[in-house]
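Notes for the one structure printed next.
The values are calculated or read from the model by the stated rules, or taken from the named source; none is laboratory data. Because the structure is a prediction, the values reported are computed rather than measured. Here Cβ is always computed from backbone atoms with ideal geometry, including for glycine, and neighbour counts include all displayed protein chains.
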Amino acid sequence: MSANLLAIFYLVSGVLFILALRGLSSPETSRRGNFYGIIGMAIAIGVTILSIGNFSTGFVFLLVFLLIGGSIGAFIAFKIPMTAMPELVAGFHSLVGLAAVFVAISAFLNPEVFNLGFPGNIKIASLIEMSLGAAIGAITFTGSVIAFLKLRGLMSGSPITFLGQHFINLALGVILIGLVIYLCNTQKEYLFWSLIAISFLVGVLLIIPIGGADMPVVISMLNSYSGWAAAGIGFTLENSALIITGALVGSSGAILSYIMCKGMNRSFFNVILGGWGATEDSSKSVSKEQKPVKNGNADDAAFLMKNASSVIIVPGYGMAVAQAQHALREMVDSLKKNGVKVSYAIHPVAGRMPGHMNVLLAEANVPYDEVFELEDINNDFANCDVAYVIGANDVTNPVAKTDPQSPIYGMPILDVEKSKSVLFVKRSLSPGYAGIDNDLFYRENTLMLFADAKKMTEEITKSL
Amino acid sequence: MSANLLAIFYLVSGVLFILALRGLSSPETSRRGNFYGIIGMAIAIGVTILSIGNFSTGFVFLLVFLLIGGSIGAFIAFKIPMTAMPELVAGFHSLVGLAAVFVAISAFLNPEVFNLGFPGNIKIASLIEMSLGAAIGAITFTGSVIAFLKLRGLMSGSPITFLGQHFINLALGVILIGLVIYLCNTQKEYLFWSLIAISFLVGVLLIIPIGGADMPVVISMLNSYSGWAAAGIGFTLENSALIITGALVGSSGAILSYIMCKGMNRSFFNVILGGWGATEDSSKSVSKEQKPVKNGNADDAAFLMKNASSVIIVPGYGMAVAQAQHALREMVDSLKKNGVKVSYAIHPVAGRMPGHMNVLLAEANVPYDEVFELEDINNDFANCDVAYVIGANDVTNPVAKTDPQSPIYGMPILDVEKSKSVLFVKRSLSPGYAGIDNDLFYRENTLMLFADAKKMTEEITKSL
Amino acid sequence: MEIDPFIFRLSIFILAIFVGYYVVWSVTPSLHTPLMSVTNAISSVIIVGAIVAALAGDNNKIFDTSNIFGFLAIILAAVNIFGGFLVTHRMLAMYKKKRKDK
Amino acid sequence: MEIDPFIFRLSIFILAIFVGYYVVWSVTPSLHTPLMSVTNAISSVIIVGAIVAALAGDNNKIFDTSNIFGFLAIILAAVNIFGGFLVTHRMLAMYKKKRKDK
Ligand SMILES: NC(=O)c1ccc[n+]([C@@H]2O[C@H](COP(=O)([O-])OP(=O)(O)OC[C@H]3O[C@@H](n4cnc5c(N)ncnc54)[C@H](OP(=O)(O)O)[C@@H]3O)[C@@H](O)[C@H]2O)c1
Ligand SMILES: NC(=O)c1ccc[n+]([C@@H]2O[C@H](COP(=O)([O-])OP(=O)(O)OC[C@H]3O[C@@H](n4cnc5c(N)ncnc54)[C@H](OP(=O)(O)O)[C@@H]3O)[C@@H](O)[C@H]2O)c1
């Protein structure tokens, strides 16, 4: 296949990837979008194989390895519970990062096949590109592994900080740059290996000081990194599919991190420099002054909701923990049979990753036209009889509007306090992610339902 | 200057043009955007001159001609009244089209300077690109001239149709394709000239059957064409600034045409195949059955509005004709002094070009945060006391919702009929652009104010 | 194994169409008239072709037919550039937020 | 007067960033989780590099160090490709409009 034809096919697959992301602008077109993505990938792989035109032993191995990897991937994809999406994404990112490192190593060891020169005499531009690709890939790999371990609970979620941390990171950064320069001058192999080793270390050091709960931002950031790594390798391999994809993925990750930080009203640096989760414990103990709360049970809740004309459901992280989405859906079905109007209100940072609640509700067959974003539903709380807050906390905390000292000050919140009565399903009075007390628990029109979200919801359904 | 450096500068100016359009996403950033556009243009011109590096007589002429053209342009830009924007844009398009033709001719006559080969032996690809650029440019030129004449009233706005029109256009199109093929084979100069001549003719023939009032869609379409012509020439000259700009302008024109057609609920082909304006007269005469209307004067209107608590202004084409925007603004000032809440409702196709009303209101110093789009204000009519409809007609016609036979059926309209009372300022009962009667004129809660929009508004201000 | 520059230009063209699509849809409807005038101005970047046509080539016969067409194109494009940007500027300067009126 | 292909690639890269910016902002927030998984899948297009690394070069020593790295990269990328697209598909299949429930 001629270089020109090959380039055209890569362009086509780049365009198909654009269309894949474009499809996600609405649920109706999203499935078609995913399909475009698959075709784009098939084209890219197909033409690459054809362009090499080597159908001997190597080709058989290729198919075997594709099959092995593919089966593992397919197996994971089918088995993974929806609540484990955050760690799945982290895990997958680590693989992309490592793959980028491997490709860079291979290009370094055998530059002729990529037209980059000869071992010991690689073009400087290519050397810089592949060093960048390898370094970013390596950071993505170890960083994602740490994020995965923290999210999976295999490693403590609390930030690990030590003296001189930022200084060490800075020093390692400087060393990395020095290595690249030295490598370009001498083309010594051991320098390349050192570069990769140090990058692995940097990945670990960058992520350990960040609290487990900040991992979603980290994942997005690493997603963005993996994109830039791919683009770097794309420049090395002179492949426009990789360059286009890298740019797409790079911007996508950056924008999602931005959206999350904005949703939490924190600056990106505040998240990345870490150590935030540590404040949790201190503020937890301060605000406990034993104010009276109204404590209810499933029958009270069922009575209130049955007699309501409209109910708004506010799901949060606790719903994911309790896997309560199916129970919730059944409760809503019963309510609807009783003629109650029900809708769902999703805060942009409810749960632990962007769109987390939406996926869970979709899994429980909640039609997406009953699910509303904050801006679209926030005015409706004033006319609603009951707000059923299930495992959410921070996203309803009015302190975000009133107390400039609070860490969530300025974050937009769902105005559940405006509804006639508020039901809070959670297991205790303990705070949520931000580690601050929620004044709503002690209000006149709030009823606390202390229990696991799933159990409580099921009991309410029975009483209905 | 090296080819690489030159290419980078052209890329920069392409990016600046993107930022120029991006700035228009809000009025606050728009001025900065325009500034980016100017810098992008300055860079493109500057590096081109430097890259030729010929500072002899020719350079002096270049400056002189730039100055002549620039002065003419600046003079027009300062003198033109805002109400004449549609014809100004049409006129400017014609110039871009002609410039594209001239550049193509020059490249054909002297291909060496563009590295395209030699006279009589031009590269086939370049020949195709320059033929396309020249043909589209020529069509843009004559088409825009006709559009300009129709809009300026120098030529009758009514569609000129004759037998076999579409057939002739088709035949000419086939001839054009044949000429390009023949030209590629023989490289004969007279073929190139014939190509251009026939394209000029096609431009005329394509536009004359389209009614004067459909010109806005035509202008946008020609804008789009001029973009594609620029991109074609960009491929010939191997210049990425031109390619990027061409694609931007091409999509921009296409999207604006689409928005207009959708706003009118007509298909693009229905507009382009023409002859629509002709139905106007027939329907005009049909619907006149002398129903009673309530006729008011300035004092009545002033009384109604003074005692209202909220008034919504609905401007339309008539406001532009009467140049009533300043008078309107003064009336609103008086109303506000009387404690009346006033806002403006703009229909997407009010007036004769997209955004027409917004520019006129802005000219009259109406702050843009008092001006609302259809979707944002349509629900407010139900709670408003007076709708003051000034020179608008079709965009308020409820027949669009009720009568599937009507030419505007399905077009979204401003629900003025829902407000407590409606004031219509127009000179007569005659219909607007779509040529259909407006049932609202005869309603119980409508008061007709027959007069020129500007005179009437001024009188009302006096009575307030 | 060199790739024809045409393919690259094609890629640039296609991506620029995507950018154009998105960038224009994100323009607020109240600025559609300035959008028309500013696209008009930037499409006059065709002047770079006109400049090459007018100046390049043999220095002694600057008024060759092909040069003359170049110079003519320069005038036309210059009208557009200055006219387009200035009239856009004039329009945009009028869009104001509510403040101490006027 | 040939332009270095690198410049073209740079242009493609920059335009693709613009496209990425717009295309991602236009993703509806309720699909942000599928967005993360699908970007993951498509970034595995790096597999094309892995394939070249694994297959190209001398036919007789297919298990050269550099080839082995290529094959390893193929496995990793394949996990991602299949896993990413399938899990996205699984998620998207769950988004339904109200109809005759279930
Ligand atoms: N979505 C994102 O992308 C993202 C990213 C980064 C950070 N965040 C942060 O995450 C937070 C999300 O707010 P949120 O309101 O959804 O969650 P939250 O504020 O973290 O509160 C979750 C609540 O659920 C309760 N809970 C836990 N397990 C439960 C169970 N099994 N049954 C019932 N209740 C249970 C917990 O209270 P008990 O322990 O008393 O039960 C906890 O207070 C925000 O602060 C946001 O900034 C979100
Ligand atoms: N905006 C666009 O981009 C665009 C593009 C293409 C087509 N269009 C079409 O244009 C129409 C726009 O609707 P529209 O409601 O703005 O206008 P319209 O329906 O055309 O009505 C304008 C009205 O203004 C009155 N008028 C004219 N001169 C006047 C003056 N000096 N003083 C007072 N009244 C005067 C006319 O009635 P009298 O003669 O009785 O005074 C006429 O009925 C739509 O049909 C739309 O489809 C718009």
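Tabulated data for the structure shown
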| item | result |
| --- | --- |
| Test: residue in the range A:433-442 that is near ligand 1 (Cβ under 7 Å from one of its atoms), surrounded by fewer than 23 Cβ atoms within 10 Å (Cβ to Cβ) and more than 14 Å from chain D (Cβ to nearest Cβ) | yes |
| Residue in the range B:342-351 that is at pLDDT below 90 and more than 23 Å from B:Ser25 (Cβ to Cβ) present | no |
| Search result, residues across the range B:209-239 that are within 17 Å of the chain's Cα centre (by Cα), away from ligand 2 (no atom under 16 Å from the Cβ) and within 7 Å of chain C (Cβ to nearest Cβ) | B:Ser226, B:Gly227 |
| Answer from A:Ala324, A:Ala345, A:Ala320 - the residue that is over 17 Å from the mean Cα position of the chain (by Cα), of a type in the set (A, V, I, L, M) and within 11 Å of ligand 1 (Cβ to nearest atom) | A:Ala324 |
| Criterion: more than 16 Å from ligand 2 (Cβ to nearest atom), within 14 Å of another protein chain (Cβ to nearest Cβ) and not in a loop (DSSP other than H, G, I, E, B) - qualifying residue of A:Val422, A:Val389, A:Val395 | A:Val395 |
| Residue check, C:Ile42 facing chain B (nearest Cβ under 7 Å) and either modelled with pLDDT of 90 or more or out of contact with any Gly (no Cβ under 8 Å at 6 or more places or on another chain) (or both) | yes |
| Out of A:Leu154, A:Leu191, A:Leu132, A:Leu127, sole residue that is surrounded by 14 or more Cβ atoms within 10 Å (Cβ to Cβ), without any contact (Cβ under 8 Å) to a residue 24 or more places away in the chain and aliphatic (A, V, I, L, M) | A:Leu191 |
| Among residues of the range B:433-456, those that are over 22 Å from B:Val399 (Cβ atoms) and part of a loop (DSSP other than H, G, I, E, B), counted | 2 |
| Matching residues, the range A:417-428, being within 11 Å of ligand 1 (Cβ to nearest atom) and surrounded by 18 or more Cβ atoms within 10 Å (Cβ to Cβ) | A:Phe424, A:Val425, A:Lys426 |
| Of all residues in the range A:356-372 being within 7 Å of another protein chain (Cβ to nearest Cβ), more than 20 Å from A:Ala434 (Cβ to Cβ) and under 21 Å from the mean Cα position of the chain (by Cα), the one that is nearest to ligand 2 (Cβ to nearest atom) | A:Tyr368 |
| Helices (runs of 4 or more DSSP H) completely within the range D:1-81 that count 3 or more residues being over 18 Å from the mean Cα position of the chain (by Cα) | D:5-25 |
| Residue among B:Glu459, B:Glu375 that alone is of a type outside the set (Gly, Ala, Ser) and modelled with pLDDT of 90 or more | B:Glu459 |
| Residue match in the range A:411-434 (condition: in contact (Cβ under 8 Å) with a residue 12 or more places away in the chain, within 23 Å of the chain's Cα centre (by Cα) and more than 18 Å from A:Gly318 (Cα to Cα)) | yes |
| Qualifying residues in the range B:194-210 (those that are surrounded by 24 or more Cβ atoms within 10 Å (Cβ to Cβ) and not aliphatic (A, V, I, L, M)) - the one nearest to B:His166 (Cα to Cα) | B:Gly203 |
| Residue within the range A:364-371 that is aromatic (Phe, Trp, Tyr) and farther than 24 Å from A:Arg443 by Cβ present | yes |
| Residue check for A:Thr245: of a type in the set (Ser, Thr, Tyr) and more than 7 Å from every other protein chain (Cβ to nearest Cβ) | no |
| Residue in the range B:373-386 that is nearest to the chain's Cα centre (by Cα), counting only those that are within 14 Å of chain C (Cβ to nearest Cβ) and either more than 16 Å from ligand 2 (Cβ to nearest atom) or surrounded by 24 or more Cβ atoms within 10 Å (Cβ to Cβ) (or both) | B:Glu375 |
| Test result for D:Phe18, more than 30 Å from A:Val359 (Cβ to Cβ) and either facing another protein chain (nearest Cβ under 7 Å) or surrounded by fewer than 23 Cβ atoms within 10 Å (Cβ to Cβ) (or both) | no |
| Residue count for the range D:65-100, restricted to those that are at the interface with chain A (Cβ under 7 Å from one of its Cβ atoms) and modelled with pLDDT under 85 | 5 |
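Here is a yes/no grid of residues against (1) farther than 21 Å from B:Asn397 by Cβ; (2) more than 16 Å from ligand 2 (Cβ to nearest atom); (3) more than 13 Å from chain C (Cβ to nearest Cβ):
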position	(1), (2), (3)
B:Asn307	yes, yes, yes
B:Met319	no, no, yes
B:Ala322	no, no, yes
B:Lys337	yes, yes, no
